[in-house]
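**Student:** One structure, pasted below without further comment.
Since every read-out is calculated from the coordinates, none of them should be taken as a lab result. The structure displayed is predicted, hence computed values, not measured ones. Reconstructed Cβ throughout: ideal geometry from the backbone, glycine too, with neighbour counts over all protein chains shown.
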Amino acid sequence: PAAGEALLVVDGVRKQFGGLVAVNDVSFEVNAGQIVALIGPNGAGKSTTFNLVTGVLQATRGRIHFRGERIDALSSREIVKRGIGRTFQHVKLLPSMTVLENVAIGAHLRGSNGVWRSVARLNAAEEARLMFDAAEQIRRVGLEQHMYDEAGSLALGQQRIMEIARALCCDPTLLLLDEPAAGLRYREKQQLADLLRKLQADGMSVLLVEHDMDFVMNLADRLVVMEFGTRIAQGLPEEVQNDPAVVEAYLGG
Ligand code: ADP
Ligand code: MG
């Protein structure tokens, strides 16, 4: 889609876990070239929404379209192939392996299990290709000085950026990030925001889940606010910030 056109359309999506309605008929869009933040208190249904979009969970009802194609019945692997890359709320790394290996393996793994088997199945040319792509994405996110460092030795902010490099290896059109700024220092948050702006300038669209209002206020083009599984507001950051329902959700506790 051209800049500004709907890339991801989430339409009346619902997810129930037994009697609990974690996502209650939620609709929103991410337009091409936009950074959209999905915000809301803990337990609002943000991660569940992410897992529905990425095919980790199956919606109870509703539809999800990406680039005009219905994706809600596809597997995670199929969704990644169509151009949705993601990171997880908790960093998943192999601490004693290098950043390069982590990015390459993570990129190859794509949510399947059996890390070693899957790498062992590669022939030399495929492995070289994978390493080449991983190194390119590590440079793109600005982690080249740490390419051969053990991933476990990186600061949390660098680990999060490493995860983004991993997601970039599948050449996504849309990047989904689950709480990328959680636990980061001020300086690290700034570096992360700079990276996301740079990716946006390259044409990337981003949907990020975030608890930290300050972080998204200066970064996101649009906000979608959830509480108790329901979308309670959406709009420009300055509109949403002053919305009484949003103020109540955040301060009313
Ligand atoms: P958020 O990411 O906004 O903090 P979640 O999407 O993780 O919220 O959770 C929304 C609600 O769904 C919570 O009440 C949570 O306990 C529940 N929930 C999430 N995943 C599961 C699951 N796999 N099984 C049962 N309940 C779940
Ligand atoms: Mg969450």
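**Student:** Tell me whether segment 26-94 comes out rounded, prolate or oblate; compute the Cα gyration tensor, take square roots of the eigenvalues as a ≥ b ≥ c, and use a/c under 1.5 as the rounded threshold.
**Tutor:** Rounded, since a/c falls under 1.5.
**Student:** Relative to the longest principal axis of the chain, what angle (0 to 90°, nearest 10) does the C-alpha long axis of helix 99-109 take?
**Tutor:** So the helix axis and the longest Cα principal axis differ by about 70 degrees.
**Student:** Next question, about the same structure. Could you work out how far apart the two model spin labels at Ser153 and Lys198 are, taking each label as a point 7 Å from the Cα in the direction of the beta carbon, and quote it in nm?
**Tutor:** Computed distance between label sites Ser153 and Lys198 equals 2.2 nm.
**Student:** Rounded to the nearest 5, what % of the DSSP beta bridges within the chain are antiparallel ones? It would help to have the intermediate numbers written out before the result.
**Tutor:** Working: 21 of 38 bridges.
Close to 55 percent.
**Student:** Using alpha carbon coordinates only, what is the Rg to Rh ratio of segment 193-253, with Rh defined as the Kirkwood radius?
**Tutor:** 1.00
**Student:** Length gain on complete extension for the stretch Gln58 to His211, per 0.36 nm per residue less the alpha carbon to alpha carbon distance?
**Tutor:** This chain segment gains 52.7 nm when fully extended.
**Student:** Let me ask something else. Taking only Cα atoms, what is the 0 to 90° angle, nearest 10, from helix 124-140's long axis to the longest principal axis of the chain?
**Tutor:** Rounded to the nearest ten degrees, it is 50.
**Student:** Moving to a separate point now. What does the charge dipole of the chain about its Cα centre add up to, to the nearest 20 debye, if the Cβ of each Lys and Arg holds +1 and the Cβ of each Asp and Glu holds -1? Spell out each step's value before the answer.
**Tutor:** Details: 27 positive and 31 negative charges, 153 e Å.
I would put it at about 740 debye.
**Student:** Pick out, from Ser205, Leu156, Val10, the residue whose Cα sits farthest towards the positive end of the charge dipole of the chain, with +1 on the Cβ of Lys and Arg and -1 on the Cβ of Asp and Glu.
**Tutor:** Toward the positive end, the furthest listed residue is Val10.
**Student:** Which whole-number percent gives the relative contact order of the chain, counting Cα pairs below 8 Å spaced six or more residues apart?
**Tutor:** 27
**Student:** What is the helix-to-structure angle for 186-201, meaning the angle in degrees between its Cα long axis and the longest Cα principal axis of the chain, kept from 0 to 90 and rounded to the nearest 10?
**Tutor:** 90
**Student:** Then there's this: Whole Å is fine, so just give me how far the alpha carbon centre of segment 183-253 lies from that of segment 1-26.
**Tutor:** Between the Cα centre of segment 183-253 and that of segment 1-26, the gap is 17 Å.
**Student:** Now for a separate question. Tell me, what ³J(HN,Hα) does each residue in segment 220-232 have, in order and in whole Hz, if you take phi through Karplus 6.51 cos²θ - 1.76 cosθ + 1.60 with θ = phi - 60° and put x for Gly and Pro?
**Tutor:** Ordered by residue, 3J(HN,Hα) equals 7, 7, 9, 10, 10, 10, 10, 8, 6, x, 10, 7, 9 Hz.
**Student:** Just to be sure I understand: with springs between alpha-carbon atoms less than 10 Å apart, which residue in Phe228, Phe88, Phe17 has the highest mean-square fluctuation in the Gaussian network model of the chain?
**Tutor:** Phe17
**Student:** A further question on this structure: Under 27 Å Cα-Cα from Lys81, which lysines qualify once same-chain neighbours fewer than 8 residues away are excluded?
**Tutor:** Lys15, Lys46, Lys92, Lys198
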